[in-house]
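Right, one structure below, let's go through it.
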Amino acid sequence: MKASSYLIPTTKDDPQDAVVASHKLMMRAGLVRKSAAGLYSYLPLGLRILKKIENIVREEMDASGALEFQLPILTPSEIWKESGRWDKMGKEMFRIKDRHDNENCLGPTHEESFCVLVKPMVRSYKDLPINVYQIHTKFRDEIRPRFGVIRSREFTMKDAYSFHLDDASLDETYQKMRQTYRRIFARLGLATIPVQADSGNMGGSASEEFMVVSPIGEETLTLCDSCGFSGNIEKTPVVKKTSLASKQEEESIVETPGQKSISDVAQFLSVKEEETLKAVALSYDGKYVLVFLQGDRELNENKLKNFLGANELRPMGQSELTRFGLIAGFIGPGFAESSDLLILVDSILEPNFPYVAGANEIDKHKKGVQLSKYYDFSKIQTLDLSQSKEGDPCPNCGHALKAEKGIEVGHIFKLGQKYSKAFEISVLNDKGKATLTTMGCYGIGVNRCMATVIEQCNDDKGIFWPVSIAPFEVCLVSIAKTQEDIARVGEVYSSLKQAGIDVLWDDRDLGPGFKFKDSELIGFPVRLTLGKGFLEKNEITILNRKTMEEKTISGSDPKTLIEEINSLLRSLRKELDDRTKEIG
Ligand code: ATP
Ligand code: MG
C-alpha cells in the first residue's frame, strides 16, 4: 500500500475530551474519529487493526469448536419480556418503536435471540453440547460513555452462548472458553488476570472477568501474592477480622452537635472508626432496608442487590426516613421497628462489642451499644455486605490482599438454567426423557481490546503495536525527490510486496521529520528508512519501534533486506507465540 493513495489523517494536538492515552492516540494517529457521544467511526488504518483482532478472536473460537452466526441487531420486545429483562435492563437499552407501534430494542447482548434461534435446533442430547457465537455490533446507552471506545454506546462484541445437557458438560466448555480467552489475549499481546466476578443481572453461578491491570481501569481487583487468589472487589468476600479488643462499657448518650459523618463522630469521641456503627438506609424496588456496617467499611451494593434480588437501590429520601423515625447522620439501633423495614447486619460486626452508634435523636450518639441487646442474633440476618479493601485477609489463605485497578476485556459466565427455563429449551436425554438444558455465555469487547492494547503499548512518541494486530507490519519511509530515485525505492517496495511482507510505503511528498513522527505515532512495529544513505550507498536503516533500536544494512541485493526484516518480524512474533504456547 502506498501512503499517497491511502488516508493517514494524523493530528498533532490531543482532542479536548480525551483523558486517557488510548483515546488521545487513537484520535491523533487517525484510527478513529468521534461522531457523537460514545459513537466512533473507524478510518482505514483503525479498521485494519479492528479486523485483525476480530480474526484472532474468530480463529481461536473456531479452533475451540464454536460455530459462527450473525443475528439481527434489532430485536423484538417479546423475547425480552419472556426472559424478564425488558424492564430489568432499564435505561441502558436503546428502545425503538416500529411503524406498527411494536416495541423493539437494539441488542445490548443476545442471550434471548440465541435462545429463540437455537431452541428448535436442539432436540436430543446428541445435539449437545453446542457453542454458538457472533462478532457483531452491540448498543448500550451507557450512563457515562467515556475513555473513547473503552466505554462507548455502539461497539463490537464477540458474544458466545453454549447449551448443555448437564453441569459437567457446561463446566467442560466453560474451561475450554477460559483457555481460549487466555490464548486470544496472549495473541493480542495483552497480559490478563482472570478474576472471580459478580454475575450482575445475567443470573447464574460462576463468572470470571479477564482483567488487564491498568491505572485507568474502572474495576478494582483484589489480588493475593501468596496463594494467587484474584477477585473483583465487587465479589471479594470480607472475612471476619478480630482486630477489636474486647471491651466493657455501659451504654450512655453523648452530645455530638453537628457530627454526622463517621469520621467526624470518631474524631469527636476519640474512638477508631471501626468502633462505630454505620447505618445505611435504602429503598429498593419500592421496599426498604437498613444495613448496619462497621464504621470504617463501605456497603458493597452488589452483595446487597444479589441478596435482595433487587434491580434498583437508592438512599432513602427525607420523607421515607421520617416515616421510619430515622434521622440522617444519627441512626442507630433502638428506633421503632417496622415490618416494612428489613434490618440486615454485616457479618464482621461483633454482636457484643460496645460500639458508638447514632442515638436516633438530632445531635446525639450513644456509646456502649451492643447489637445483641437490640437484636436477636438467632433471628436477625447477618451476612457479608461490606466492600473488601487493600490489606484485608485473603478469603483463601488469610494473607493481606493487594488492590489494583483493571480494565475488563472479557467475561465468561455459567448462566445455569435461567434462560433455558424462560425459553423452555429441553432435549431428550439418552433415556428419552425431556431434560432442561443448562447454559454458559462468553463475551469479549473487540474495540475495548484495541484501546487496552494501546494503554499497555505506548510511549511519548505514540503507539507500538504488537505485530499480530499492527495496521501494517512494516512502514517504509522514503526520502526521494527525483523520478529516478523514487523508482529505485519503488523497486525495493515491490520486492518486499513480492516476498509477502505487509508493508506501507510512505511515499507522500512530505519532509522526513514529519514522516518519522507519523510512523512512530501510528506505531508500525518495523520501520525502514530509505534516504540519502540508500540513494548514495545502498544503505537501509531498520528500526524496531518498540525498543527504538536501529540497524543499518547495505548492499543492493533485496534478499538480504528481506531476510533481515523477516528475522525481526519472526522474533516479534515469537514473543507472542511463546506466551500463547505456555497456555497450551
Ligand atoms: P462493564 O462492567 O465494563 O460495563 P459489562 O460487564 O457490562 O462491562 P459484558 O456485558 O460482560 O460487559 O460484555 C462483554 C464485554 O463487552 C466486556 O467484557 C467488555 O469488554 C465489552 N463491553 C461492555 N460494555 C462496553 C462498552 N460500553 N463499550 C465497549 N465495550 C464494552
Ligand atoms: Mg456494563
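Probe of 1.4 angstrom, ligands and nucleic acids ignored: what's the accessible area per residue over the chain, in square angstrom? Kindly include the intermediate steps, with their values, before the conclusion.
Working: 26690 Å² over 584 residues.
Value for the chain: 46 Å² per residue.
If the chain between ALA206 and LYS379 were fully stretched, how many nm would it gain, using 0.36 nm times the residue separation less the Cα-Cα distance? Present the calculation step by step, with values, prior to reporting the outcome.
Numbers: separation 173, 0.36 × 173 = 62.28 nm, distance 2.95 nm.
That pair, ALA206 and LYS379, stretches by 59.3 nm at full extension.
Rounded, prolate or oblate, given the Cα gyration tensor of segment 533-584, with a/c below 1.5 counting as rounded? It would help to have the intermediate numbers written out before the result.
Values: a/c = 6.42, a/b = 2.42, b/c = 2.65.
Judged from the Cα gyration tensor, segment 533-584 comes out oblate (a/c at least 1.5, b/c at or above a/b).
Considering only protein heavy atoms, what is the solvent-accessible area of THR180 at a probe of 1.4 Å, reported in Å² to the nearest 10?
So the heavy atoms of THR180 present about 10 Å² to solvent.
Quick check on the chain: helices-only [θ] at 222 nm, where DSSP H runs of length 4 and up contribute -39,500 (n - 2.57) each and the sum goes over total residues. Nearest 500, please.
Numbers: 16 runs with 168 residues, N = 584.
Helices in the chain give a 222 nm mean residue ellipticity of -8500 deg cm²/dmol.
Place +1 on the Cβ of every Lys and Arg and -1 on the Cβ of every Asp and Glu in segment 252-383, take the dipole about the Cα centre, and give the residue among GLY295, LEU282, VAL271 whose Cα lies farthest towards its positive end.
Among GLY295, LEU282, VAL271, the one farthest towards the positive end of the dipole of segment 252-383 is LEU282.
For segment 252-383, calculate the relative contact order in percent as a whole number, restricting contacts to Cα pairs under 8 Å that are 6 or more residues apart. Let's see the in-between values first.
Numbers: 238 pairs, mean separation 37.9, N = 132.
It rounds to 29 percent for segment 252-383.
Would you be so kind as to identify which of SER252, TYR125, LEU221 lies farthest towards the positive end of the dipole of the chain, taking Lys and Arg as +1 and Asp and Glu as -1 on Cβ and the Cα centre as origin?
TYR125
Give me the distance in nm between label points sitting 7 Å out from Cα along the Cα-to-Cβ direction at ALA36 and SER339, one decimal.
So the two model labels end up 5.1 nm from each other.
Just how far, in whole angstrom, is segment 224-262 from segment 60-94 if you go by their alpha carbon centroids?
First find each Cα centre; the distance between them is then 41 Å.
Which one of GLY410, ASN429, GLY440 has its Cα pushed farthest toward the positive end of the charge dipole of segment 398-441, where Lys and Arg give +1 and Asp and Glu give -1 at the Cβ?
Final value for the positive-end residue is ASN429.
Out of the DSSP beta bridges found with both residues in segment 252-383, what percent are antiparallel (nearest 5)? Could the numbers behind the result be given before it?
Numbers: 19 of 28 bridges.
Taking every DSSP beta bridge within segment 252-383, about 70 percent pair in antiparallel fashion.
What is the chain's relative contact order, in percent, from Cα pairs under 8 angstrom and six or more apart in sequence? Please report the intermediate quantities before stating the final value.
Working: 1162 pairs, mean separation 100.3, N = 584.
Result for the chain is 17 percent.
Express as a percent, rounded to the nearest 5, the fraction of DSSP beta bridges in the chain (both residues included) that run antiparallel. Before the final figure, lay out the partial values.
Values: 91 of 114 bridges.
Antiparallel bridges: around 80 percent, rounded to the nearest 5.
What's the FRET efficiency of LEU7 with SER494 using the Cβ-Cβ distance as r and R₀ = 30 Å, to the nearest 0.05? If you can, show how the numbers build up before the last one.
Working: r = 22 Å, r/R0 = 0.74.
Once the sixth-power term is evaluated, E becomes 0.85.
Show PHE229, PHE307 ordered by accessible area, largest first, where the area counts protein heavy atoms only and the probe is 1.4 Å.
Working: PHE229 30, PHE307 85 Å².
Result, largest first: PHE307, PHE229.
Would you mind listing how long segment 1-106 runs along its three principal axes, going by Cα atoms, in whole Å with the largest first?
52, 40, 28 Å, listed from the longest principal axis down.
Mind pulling the per residue volume of the convex hull built on the Cα atoms of the chain? Å³ is fine. Please list the in-between numbers first.
Values: hull volume 121.3 nm³, N = 584.
Looking at the chain, the number lands at 208 Å³ per residue.
Restricting to bridges with both residues inside segment 465-583, how much of the DSSP beta-bridge set is antiparallel, in percent to the nearest 5?
Working: 10 of 19 bridges.
Counting DSSP beta bridges with both partners in segment 465-583, the antiparallel share is about 55 percent.
Roughly how many debye, to the nearest 20, is the charge dipole of segment 1-156 about its Cα centre, given +1 on each Lys and Arg Cβ, -1 on each Asp and Glu Cβ, and no other charges?
Working: 26 positive and 21 negative charges, 113 e Å.
About 540 debye.
Sort by residue number and report every cysteine in the chain with no other cysteine beta carbon within a distance under 4.7 Å.
Lacking a cysteine Cβ partner under 4.7 Å: CYS105, CYS115, CYS441, CYS449, CYS457, CYS475.
Check cross-link reach from LYS247 to the lysines: straight Cα distance under 18 Å, and skip same-chain residues fewer than eight apart.
Straight-line reach from LYS247, under 18 Å: LYS272, LYS366, LYS367, LYS373.
For segment 465-583, calculate the relative contact order in percent as a whole number, restricting contacts to Cα pairs under 8 Å that are 6 or more residues apart. Intermediate results must be reported in sequence, preceding the final value.
Details: 152 pairs, mean separation 32.9, N = 119.
Averaging sequence separation for qualifying contacts and normalising by length gives 28 percent for segment 465-583.
Taking square-rooted eigenvalues a ≥ b ≥ c of the alpha carbon gyration tensor, is segment 252-383 rounded, prolate or oblate, where a/c under 1.5 means rounded and, failing that, a/b exceeding b/c means prolate? Provide the component values of the computation, followed by the final result.
Details: a/c = 1.60, a/b = 1.36, b/c = 1.18.
Note, shape of segment 252-383 comes out prolate.
Ignoring ligands, DNA and RNA, what percent of the accessible area of segment 252-383 is carbon or sulfur (1.4 Å)?
Working: 2800 of 5990 Å².
Here it works out to 47 percent.
Where a ≥ b ≥ c are the square roots of the eigenvalues of the C-alpha gyration tensor, would you call segment 391-524 rounded, which needs a/c under 1.5, or, failing that, prolate if a/b is larger than b/c, or oblate? Each step should come with its number before you reach the end.
Numbers: a/c = 4.66, a/b = 2.03, b/c = 2.29.
Since a/c reaches 1.5 but b/c is at least a/b, the shape of segment 391-524 is classed as oblate.
List the trypsin sites (Lys or Arg not before Pro) in segment 463-538 that DSSP assigns to loop (not H, G, I, E or B) and whose Cβ has at most 12 other Cβ atoms within 10 Å. Which are they? Show your work: numbers first, answer last.
On the way: sites: LYS481, ARG488, LYS497, ARG508, LYS515, LYS517, ARG527, LYS532, LYS537; in loops: LYS481, ARG508.
Of the trypsin sites (Lys or Arg not before Pro), the ones in loops of segment 463-538 whose Cβ has at most 12 other Cβ atoms within 10 Å are LYS481.
Modelling each spin label as a point 7 Å along the Cα-to-Cβ direction, I'd like the LYS51/GLU320 distance in nm, to one decimal.
A separation of 5.2 nm, rounded to one decimal place.
Where the only charges are on Cβ atoms (+1 Lys, Arg; -1 Asp, Glu), what is the dipole of the chain about its Cα centre, to the nearest 20 debye?
Numbers: 78 positive and 85 negative charges, 218 e Å.
Charge dipole of the chain: 1040 debye, to the nearest 20.
Output needed for segment 465-583: three equivalent-ellipsoid semi-axes, defined as square roots of 5 times the C-alpha gyration tensor eigenvalues, in descending order, whole Å.
On the way: eigenvalues 128, 48, 28 Å².
The three semi-axes for segment 465-583 are 25, 16, 12 Å.
Going through the cross-link list LYS138/LYS418; LYS138/LYS581; LYS24/LYS414; LYS461/LYS532, which pairs have a Cα-Cα distance over 29 Å in this structure? Spell out each step's value before the answer.
Details: LYS138/LYS418 22 Å; LYS138/LYS581 32 Å; LYS24/LYS414 36 Å; LYS461/LYS532 24 Å.
With Cα atoms farther than 29 Å apart: LYS138/LYS581; LYS24/LYS414.
Simple spin-label model, 7 Å along Cα-to-Cβ: LEU269 to LYS240 in nm?
Here the answer is 2.3 nm between the modelled labels.
With charges only on Cβ, +1 for K and R and -1 for D and E, what is the dipole size of segment 465-583 about its Cα centre, in debye, rounded to 20?
Details: 18 positive and 21 negative charges, 33 e Å.
Here segment 465-583 has a charge dipole of around 160 debye.
The values are calculated or read from the model by the stated rules, or taken from the named source; none is laboratory data. Just so it is clear, the structure is predicted and the values come from calculations on it, not from any experiment. Don't worry about glycine lacking a Cβ; one is built from the backbone with ideal geometry, like all the others, and counts go over all protein chains shown. Heads up: the accessible areas ignore ligands, DNA and RNA and are worked out on the full protein's heavy atoms, side chains in. Shrake-Rupley method; radii C 1.70, N 1.55, O 1.52, S 1.80 Å.
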